[in-house]
Amino acid sequence: MHADNLKLGVNIDHIAVLREARKINDPDPLMALGICAQNGADQITIHLREDRRHIHDEDARRIIAASPLPVNLECSIDPEIIRIVTRLRPHRATLVPEKREEVTTEGGLDVIGKYDMILNAIKMLREAQIEVSLFIDPTHEAIEASERLGAEWVELHTGSYANIYAMRYSALPHSHHAIPELHLSRKELDNRLEMAYSDIVDAANAARSAGMKVAAGHGLNYHNVSAIVSIETIEELNIGQSIIARSVFTGLASAVSEMKALCRR
């Protein structure tokens with residue numbers, strides 16, 4: 001793979017989160033498209049959740065119609081959502097697990113337990129000529145099931161790695177997110193971080209060997225992304241919250257270009 005070929009998908013959901021905080025029409029996620037494209041983004045990623053907590057159907061329609069970049073639309077495997085996605089016709093649909101009570105998507109798709117539903121969703125998306133990715137945990141079982149399902153892409157869930165990294169290197173133990181495991185020693189956290197990273201490396205290599213393209217995302221930020229960038233079998237990262245959070249202070253153009261610089265091998 002060429003040194004500069006790691007692609008960056010910028011998830012702009014959190015622009016809509018800010019809009020929904022006041023239930024008005026500002027900021028408009030559509031305004032991010034050109035800025036992202038001009039500053040190194042390779043893809044726009046959005047998540048059309050069943051509860052429409054941020055991106056709405058009309059947002060998705062306008063973004064897909066206007067984006068100068070390919071649009072990766074994350075969605076659940078609910079048949080009604082899949083029917084909406086087939087009408088919207090994004091470049092790619094990434095199938096993700098979804099629970100209404102969660103703050104954000106936690107964990108990968110249950111590609112074994114939900115196999116038949118996923119297979120049906122993939123069939124519907126393929127008939128609409130939409131590329132399909134599965135958001136999965138970095139395990140060999142998930143890779144094998146994704147291969148059987150015929151996925152073109154897998155996106156490896158990096159949340160465990162990101163969470164352990166934060167526990168080891170940030171003020172997380174003193175925050176309101178504190179959990180019992182935060183009492184672990186630095187040595188134990190180092191061991192767990194190494195294991196979580198190794199799982200991602202092994203899964204990425206296995207997926208590539210199986211003929212699938214490999215993306216990664218969830219919890220990646222300006223501090224923890226470098227190790228993931230170094231995994232040669234990963235060719236795309238989808239990053240949102242950390243970019244939009246930084247843009248509050250630096251502006252979106254700078255936030256995107258800084259992350260893109262970190263994605264260069």
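The figures follow:
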read-out: Spatial separation of Cα centroids for the stretch 22-72 and the stretch 222-265, in angstrom; value: 18
read-out: Computed FRET value (nearest 0.05) for E188 with D116, which takes r as the C-beta separation and R₀ as 51 Å; value: 0.80
read-out: Most fluctuating residue given options K114, K187, K213, as computed from a GNM of the chain linking Cα atoms under 10 Å; value: K187
read-out: Gaussian network model of the chain, springs between alpha carbon atoms under 10 Å - residue of V71, V132, V248 with greatest fluctuation; value: V248
read-out: Per-residue HN-Hα couplings for the stretch 21-31 [Karplus 6.51, -1.76, 1.60; θ = phi - 60°; Hz; x = Gly/Pro]; value: 4, 10, 6, 10, 9, 9, x, 8, x, 4, 5
read-out: Residue among I24, Y222, V10 farthest towards the positive dipole end of the chain, charges placed on Cβ; value: I24
read-out: The chain: most fluctuating residue of T158, T94, T86 per GNM, C-alpha cutoff 10 Å; value: T86
read-out: Candidate lysines for bridging to K260, where Cα separation is under 24 Å - those fewer than 8 sequence places away on the same chain excluded; value: K7, K213
read-out: Convex hull volume per residue in cubic angstrom - Cα atoms of the chain; value: 131
read-out: Dipole-positive endmost among T233, L88, A121 within the chain (Cβ charges, Cα centre); value: L88
read-out: Helix-derived mean residue ellipticity, 222 nm - over the chain, DSSP H n ≥ 4, -39500 (n - 2.57), to 500; value: -14000 deg cm²/dmol
read-out: Computed over the stretch 7-262: relative contact order in percent, which uses C-alpha pairs under 8 Å that are six or more apart; value: 19
read-out: Given charges at beta-carbon only (K, R positive; D, E negative), |dipole| of the stretch 7-262 in Debye; value: 620
read-out: Reach of K114 by Cα under 19 Å, taken over lysines that are not fewer than 8 positions away in the same chain; value: K99, K123
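Quick note: the coordinates plus some simple rules give every number you see, no bench work behind them. It should be emphasised that the depicted structure is a prediction, and the values quoted were computed from it without experimental measurement. All Cβ positions, glycine included, derive from the backbone under ideal geometry; neighbour counts span all protein chains shown.
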